[in-house]
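Down below is the structure, laid out as structure tokens.
The values are calculated or read from the model by the stated rules, or taken from the named source; none is laboratory data. These numbers were taken from a predicted model, which means no experiment stands behind them. Backbone-built Cβ (ideal geometry, glycine too); neighbour counts: all protein chains shown. Each accessible area value is taken on the protein alone, full model and side chains, heavy atoms only, with ligands, DNA and RNA left out. Shrake-Rupley method; radii C 1.70, N 1.55, O 1.52, S 1.80 Å.
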Amino acid sequence: MRDIAQGQQVSKKLPAKQLIPYVLLVVGAVAMAVSFFLPFASAKGDYAEYLKQYGDRVYTSEAGLHNKDVVGLSLLTFLRIYIAGLQSGKLLGGMYLEAVICITLMAVIAVSSLLILLFGVLKKPIAAIVFSVLVVVAFYALRWDFDDRGVLPSSQYGYGIAEYIYPISFVVVVAGAIWFMASRHIAKTVHQQLANNTVNSAPVNSAPVANGAAVAEPVALSKAE
């Protein structure tokens with residue numbers, strides 16, 4: 001009985017131990033989803049001052065953006081620019097294939113980030129890890145393309161805060177997911193041991209049973225003299 005009581009005390013502590021990695025998983029997922037709206041590219045130097053000073057001037061009419069909207073370019077803003085350029089046929093250098101690839105990669109990042117958040121909230125750590133890997137692969141493929149074509153970094157733009165949040169949030173999501181799986185496995189193991197101990201320690205009726213009824217032991221009667 002003492003072992004069972006101790007086991008029950010341990011089992012009560014397990015939900016709290018699972019809560020910490022769960023929160024870590026969700027926080028990482030939220031950070032990854034929010035990063036899509038944070039500056040992936042930031043204007044620098046005199047160009048940044050120019051954009052701020054003439055913020056109401058039209059930057060691109062096709063995407064409906066003004067100078068103040070492109071001081072910091074998020075992946076969402078890049079997505080709008082590429083889609084607008086593809087639809088209008090005014091892409092620089094006629095790089096339609098590159099635009100399609102970039103749009104696809106950014107769409108993968110956006111959709112996968114939302115799925116990571118969904119699976120994180122639903123406590124599906126394996127799915128969260130799979131889509132986190134997909135986000136990171138798409139993110140660094142996009143980053144390599146921007147670097148290869150000289151989009152980023154450039155004389156006007158450098159990388160923004162999203163460049164750093166994506167890899168950090170990936171580590172947080174994976175660490176939280178693995179920790180959560182390990183904590184849940186420990187919890188299941190402890191509960192199983194408690195169940196086994198309860199079954200093994202249950203009292204057993206030693207009276208013989210025949211046809212569903214207890215059989216009374218014979219009682220020796222003394223002879224009357």
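Out of all the residues in segment 126-155, which are within 28 Å of Ile20 (Cα to Cα) and either surrounded by fewer than 17 Cβ atoms within 10 Å (Cβ to Cβ) or in contact with a strand residue (DSSP E or B) (Cβ under 9 Å, 6 or more places away or on another chain) (or both)? Outline the logic, then answer.
Of all residues in segment 126-155, those within 28 Å of Ile20 (Cα to Cα) come to 126-137, 139.
Matches in segment 126-155: Ile126, Ala127, Val130, Val133, Val137.
Residues being at pLDDT below 90 and open to solvent by less than 40 Å² (accessible area, probe 1.4 Å): count how many of those fall in segment 19-37.
Residues that pass the stated criteria total 0.
Right, Tyr96: under 20 Å from Phe146 (Cα atoms), among the hydroxyl-bearing types (Ser, Thr, Tyr) and without any contact (Cβ under 8 Å) to a residue 12 or more places away in the chain or not? Give the derivation first.
On the way: under 20 Å from Phe146 (Cα atoms): yes; among the hydroxyl-bearing types (Ser, Thr, Tyr): yes; without any contact (Cβ under 8 Å) to a residue 12 or more places away in the chain: yes.
So Tyr96 passes the test.
Enumerate the pairs (first residue in segment 156-170 and closer than 11 Å to Ala41 by Cα and open to solvent by 50 Å² or more (accessible area, probe 1.4 Å); second residue anywhere and modelled with pLDDT under 95 and assigned to a helix (DSSP H, G or I)) with beta-carbon separation below 7 Å, excluding pairs fewer than 6 apart on the same chain, so at least 6 apart or on different chains.
Gln156/Tyr47
What number goes with the only condition from (1) in contact (Cβ under 8 Å) with a residue 12 or more places away in the chain; (2) farther than 19 Å from Asp145 by Cα; (3) assigned to a helix (DSSP H, G or I) that Glu62 does not pass?
Glu62 satisfies every listed condition except (3).
Results for (1) of a type in the set (Gly, Ala, Ser); (2) buried (at least 18 other Cβ atoms within 10 Å of the Cβ); (3) at negative phi, shown as yes or no for each residue.
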position: Leu79; (1), (2), (3): no, yes, yes
position: Gly85; (1), (2), (3): yes, yes, yes
position: Ser88; (1), (2), (3): yes, no, yes
position: Leu97; (1), (2), (3): no, no, yes
position: Cys102; (1), (2), (3): no, yes, yes
position: Ile109; (1), (2), (3): no, yes, yes
position: Leu117; (1), (2), (3): no, yes, yes
position: Val121; (1), (2), (3): no, no, yes
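Take segment 125-141 and flag every residue that is under 17 Å from Phe36 (Cα atoms), free of Cβ contacts under 8 Å to residues at least 60 places away in the same chain and either in contact with a helix residue (DSSP H, G or I) (Cβ under 8 Å, 6 or more places away or on another chain) or hydrophobic (A, V, I, L, M, F, W, C) (or both).
Listed by number, the residues that qualify are Phe131, Val133, Leu134, Val136, Val137, Ala138, Phe139, Ala141.
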